[in-house]
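A short worksheet on the structure shown next.
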Amino acid sequence: MSFPLLFSPHALGPLESANRFVSQAMEGNDGVEGGRPSPRTLERYRKLARGGWGVVVVEAISVTPGSLARVNGLIMSPAGLDHYKKLVDAYKEIFPQGILLFQITHSGRHSGPFSRRTCLYPDGAGDAHLLSTDEVARIRDDFVRAALLSREAGADGIDFKLCHGYFGAEMLRPANIREDRWGGSFENRTRFIRETMAEIRSRLPAGPFVLGSRISMYEAIRGGCGTAAPDEQVEDLREMKDLVLLLREAGMDYVNVSAGIPAITPEVTRPTRPSRNFYLHHLRYSRLVKELLPDRAVIGSAYTIMKEEAAAQGEESLARGYADFIGFGRQSFADPLFPRKLRSGEPVDYCTACSGCTRLMVNQVHDGCVVYDGYYRDMLRNLGKKGA
Ligand SMILES: Cc1cc2nc3c(=O)[nH]c(=O)nc-3n(C[C@H](O)[C@H](O)[C@H](O)COP(=O)(O)O)c2cc1C
Ligand code: SF4
């Protein structure tokens with residue numbers, strides 16, 4: 001099978017991607033001191049460069065040291081800039097035409113105990129620190145700084161993380177009933193993204209730079225994104241449709257469509273064998289977003305669970321206009337060379353959806369594919385010995 005659409009070029013904002021394969025952001029939790037990418041981090045992105053993915057989204061990079069979900073997570077800082085330049089160089093040396101985006105984030109209430117757990121509203125956040133109006137404004141400035149530093153490091157763009165239950169998603173959801181300028185009405189809940197994007201756009205130096213965002217269309221929690229009220233849990237996408245249009249107005253070149261909160265509703269974000277058919281909801285979400293954004297790029301998520309059928313489904317999604325790009329998360333861990341192998345007909349190492357990589361991640365050790373990479377297999381074995 002040749003998959004002509006998957007291997008065809010397509011615009012991503014001001015740039016053109018060589019093909020429609022997107023390696024989704026995947027935390028490897030292997031940064032070093034100060035949240036800098038380590039030699040292991042660089043090696044992971046070298047492998048993806050060899051794989052020929054049209055777009056690679058570098059995993060969650062925290063905008064401050066105090067907003068980390070993983071103990072070895074990446075942090076964007078002026079002190080780490082040279083290390084991010086090395087990461088870009090390592091990738092571009094192998095695949096100069098590849099588009100490398102940095103996902104910038106604040107983990108909010110999902111920050112780890114080694115960091116600073118914060119929340120925008122106290123409900124369900126335990127002892128997390130309730131952010132003041134001014135503290136939220138400072139986080140806005142942190143996002144702007146991280147975007148500008150990403151540009152300086154040589155990234156082709158940023159992926160503004162508004163998904164998966166982290167700060168950006170907490171801000172948007174109806175359950176955010178703060179009474180200050182950051183909560184309550186839809187206008188207040190979207191003020192953060194509007195103000196941050198306006199500032200980023202006004203301060204970016206001239207030249208092509210992709211601006212995009214990843215959203216969870218439906219978080220599957222009470223009052224979450226994709227519901228109609230703070231006490232509602234049934235899916236209602238009216239507000240998310242307005243959000244998608246607002247993102248376009250704010251200057252986003254693409255929307256990466258995801259769902260769920262991995263820490264609370266993981267099967268929604270990444271379907272596993274028993275929840276395999278949830279991929280159909282992802283198709284529905286990306287089709288809806290594409291209908292709203294005919295003139296912007298849309299990336300679909302959660303294709304990994306389809307295994308050998310994933311490429312054919314991706315091809316069909318492109319043909320039917322459900323998405324412009326097909327995103328793979330776990331499959332990019334299982335086989336970083338996936339697009340190249342598909343093209344050449346070499347056998348692919350398909351993700352078995354065993355959740356081993358997730359287990360490593362939640363145990364706060366280096367994570368990667370435990371099925372096809374001995375380093376991570378040993379890591380999992382050691383966890384087993386410790387009974388974790
Ligand atoms: C180990 C692991 C790390 C992840 N890290 C990130 C991340 O940094 N940012 C993000 O937006 N999603 C992250 N995700 C979610 C994936 O990008 C993707 O949305 C999810 O795995 C579903 O896609 P798939 O079915 O192709 O794997 C992660 C998932 C896993 C399993
Ligand atoms: S560890 Fe399991 S779930 Fe993770 S990428 Fe490998 S095969 Fe897939």
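The values are calculated or read from the model by the stated rules, or taken from the named source; none is laboratory data. Predicted, not measured: the structure shown is a model, and the values here were computed from it. Please note: Cβ atoms are built from the backbone with ideal geometry, for glycine as well, and neighbour counts cover all protein chains shown. Each accessible area value is taken on the protein alone, full model and side chains, heavy atoms only, with ligands, DNA and RNA left out. Shrake-Rupley method; radii C 1.70, N 1.55, O 1.52, S 1.80 Å.
For region 347-388, which residues satisfy the criterion of being among the small types (Gly, Ala, Ser) and more than 24 Å from the chain's Cα centre (by Cα)?
Within region 347-388, GLY374, GLY384, GLY387, ALA388 meet the criteria.
Check GLN331 against each of (1) assigned to a loop (DSSP other than H, G, I, E, B); (2) near ligand 2 (Cβ under 8 Å from one of its atoms); (3) not aromatic (Phe, Trp, Tyr) and name the one condition it does not meet.
Against the list (1) assigned to a loop (DSSP other than H, G, I, E, B); (2) near ligand 2 (Cβ under 8 Å from one of its atoms); (3) not aromatic (Phe, Trp, Tyr), GLN331 comes up short only on (1).
Does GLY368 qualify as being in contact with a strand residue (DSSP E or B) (Cβ under 7 Å, 6 or more places away or on another chain) and either among the aliphatic types (A, V, I, L, M) or touching a residue at least 12 places away in the same chain (Cβ under 8 Å) (or both)?
No.
For region 11-35, enumerate the residues that are under 20 Å from SER332 (Cβ atoms), open to solvent by 30 Å² or more (accessible area, probe 1.4 Å) and in contact with a helix residue (DSSP H, G or I) (Cβ under 9 Å, 6 or more places away or on another chain).
MET26, GLU27
Would you check if CYS369 is over 30 Å from PRO9 (Cβ atoms), within 14 Å of ligand 2 (Cβ to nearest atom), not in a helix (DSSP H, G or I) and not basic (Lys, Arg)?
Answer is no for this residue.
Is there any pair with a first residue in region 322-341 that is farther than 20 Å from PHE95 by Cα and a second that is small (Gly, Ala, Ser) and part of a helix (DSSP H, G or I) whose Cβ atoms are under 8 Å apart and which are 6 or more apart or on different chains, and what are they?
Within 8 Å, the pairs are TYR322/SER286; ALA323/SER286; ALA323/SER317.
Is there a residue being of a type in the set (Val, Ile, Thr) and not in a strand (DSSP E or B) anywhere in region 78-89?
Yes: region 78-89 contains one or more residues that are of a type in the set (Val, Ile, Thr) and not in a strand (DSSP E or B).
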